[in-house]
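Here is the structure we will look at.
Nothing in this text is a laboratory measurement; each read-out follows from the coordinates by a stated rule. Note that the structure is a prediction, hence the values are computed from the model and not measured. Cβ coordinates were reconstructed from backbone atoms using ideal geometry, including for glycine residues, and neighbour counts include every protein chain displayed.
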Amino acid sequence: MLTNVHIENYALIRESDIRFDDGFVVITGETGAGKSILLGALGLLLGQRADTAVLADKERKCIVEAQFDIAGLGLEPLFASADVDYDERLILRREILPSAKSRAFVNDTPVQLPFLKALGSRIVDIHSQHQSLTLTDSAFRLSLLDTLAAPLSPSPKRPSPVEAYGAAFREYAALKRELERLTAEEALNRKEQDYLQFQYNELADARLQPDEQEALERESQMLAHAEAIREALAAAAALLDDEEGQAVLARLRQAKSTLGHVAPYHPGAEALQQRLDSALIELSDVNNELCSTADAISYDPERQQQVDDRLALLYRLEKKHSVDDVEALIALRDDLDRRLQSIASLDERIHALMEQVDKAFGLVQRTAADLTAARGAAAQRMTKNIVPILHDLGMPEARFAVELTPTDSYTATGHDAVSFLFNANRGGDMRDLSRVASGGELSRLMLAVKSMLTSHSLLPTIIFDEIDTGVSGDIAGAVARTLCAMSTHMQVIAITHLPQIAARASQHLKVYKENDPDRTVSRIRQLDADGRLTEVATMLSSDPPTAAALQTAKELMA
């Protein structure tokens, strides 16, 4: 529940500290005194957008801070998901800086607004003056039935009907989107298949080999210069050995023989002779290889043409596909092969996915039927429970019913449309309440709904902003009794102009204006017993209240 609120520099509130008790709390004050300002400040703590227009002093920041008791609400997982420290004593803080920047804190930890909104929705329900109109909204009606249909103690192993349907529908929608994507891809691929096949065949027929281009380019160069290469090799061999004995090998043999005559007499000559022998062996081997290589080279114009044609093919393919080498062509060929195989297997994938979609849709139908049944049971309970509350709220002839009708298709919220049928008078047909309920009747209907939901909600605090709009007299007393009954389950805070409601509160806060030397400010104070009596009497008559009003106020408060 809400225990304290501290406000600084927010609209007409210069600085204020407000303590809230549990049970039934009322806030009263003249129109324009600042009651809605208090709600606006609380709205900041629940994630509403900030605006520097609320800064009374444009040079100072605005601060709104509130403390809540959240023991037993099961909020630990929500805090863990946001990596925020959990404490049963929750402190929310919001700051608006003159620079228009806004900061939010939960237990002194900076947080983003989405987490603040998620947390706020679990601890406070603010019912504004215009929220009764949501009774005419189909989404709100479905949400209301789903809340009533949900188990009071949900189990992770046994999801509620709305959770089971939501999971089934999300799975079905995801599979259906994938099927639509594959079907569109198939239609596109079919248009491209012939062209892809032509490209693949061209590359496959080329029988590409890695490093082929470099080898062919070397061979082409060799064939183009075959005669010059052969002549150079032969000339080199001739320089090493010839028939006249004037070449290198003949002279080396002669030098070796000459040293052989003196080798027995000089150890150095013998070593030199051995080195000459080694040189002869190596040069003889080089000479033999020069001769054999020269003999093996011959100009082959047919092979030259084959090599040049092959290179021309490779160059053409590389230019056509804007790549630099054969390896890139091979990679392109393999990619085309994979795409063609994917197209070939797409029919099988689509067929398998269609079976999955059909199976998922079957689950959607079954869970939707379960959800419809749960909503039907909740609709019966709602009809049964809400009518007595409407009678207590001054509509003794009121009739109310919830009507479920199937929708044309399955949507994220199920297969149901919900109508609230209403008639405030005896006789005649019930019609959709959006067409027959007045503003005051809508307010009482919403109060009846909120009252009925108290046993189905873990919300610790509900704030009513003038729920009494359009009611007076005995009906006002009935509204007060209903609010009191609700306050036995939760903290109920009501902003009201009706003395019948104010008289029943366990805590009474008054909002009023005062003129400071520099500006008008709003202040909030808690009334003691005498102050409450005077305020209720003033609401009944005038300020100061009459003696009759004071007596009536005593009777109301008694």
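Annotations
- Euclidean distance of C-alpha centroids, segment 407-428 and segment 490-523, integer Å: 39 Å
- In degrees, nearest ten, helix 267-296 long axis to first principal axis of the chain (Cα): 70 degrees
- Peptides 336-342, 361-367 ordered by packing proxy, namely the average of other Cβ atoms within 10 Å per residue, highest first: 361-367, 336-342.
- Tilt relative to the chain, helix 473-486 - C-alpha long axis, 0 to 90 degrees, to 10: 50 degrees
- Across every direction, the projection of the convex hull enclosing the Cα atoms of segment 159-380 has a mean area of 26.3 nm².
- About the centre of its Cα atoms, the chain shows a dipole size close to 4080 debye [charges on the beta carbon of Lys, Arg (+1) and Asp, Glu (-1) only; nearest 20 debye].
- With the charge dipole of the chain set up from +1 on Lys and Arg Cβ and -1 on Asp and Glu Cβ about the Cα centre, the Cα lying farthest toward the positive end among the listed residues 10, 490, 31 is that of 31.
- Highest mean first, the peptides 390-403, 31-44 sorted by other C-beta atoms within 10 Å per residue fall in the order 31-44, 390-403.
- Between residue 113 and residue 187, the simple label model (points 7 Å from Cα in the Cβ direction) yields a spacing of 4.0 nm.
- Dipole of the chain [Lys/Arg +1, Asp/Glu -1 at C-beta], most positive-end residue of 340, 391, 445: 391
- Selected from 224, 269, 361, residue furthest toward positive end of dipole (segment 159-380; charges at beta carbon): 361
- Highest to lowest packing among 346-353, 233-240, 419-426, scored as the average C-beta count within 10 Å: 419-426, 233-240, 346-353
- Among beta bridges that DSSP assigns inside the chain, antiparallel share in %, nearest 5: 75 percent
- When both segment 62-104 and segment 179-200 are represented by their alpha-carbon centers, they are found 54 Å apart.
- Mean ellipticity per residue at 222 nm, deg cm²/dmol - from DSSP H runs of n ≥ 4 across the chain, formula -39500 (n - 2.57): -18500 deg cm²/dmol
- The eigenvalues of the Cα gyration tensor, multiplied by 5 and square-rooted, give segment 404-451 an equivalent ellipsoid with semi-axes of 25, 15, 8 Å from largest to smallest.
- Flagged links, alpha-carbon separation over 20 Å, of 35/510; 58/101; 101/513: 101/513
- Segment 1-85 shape via C-alpha gyration tensor axes, a/c threshold 1.5: oblate
- With respect to the chain, whose longest principal axis is taken over its alpha-carbon atoms, helix 226-240 is tilted by about 50°.
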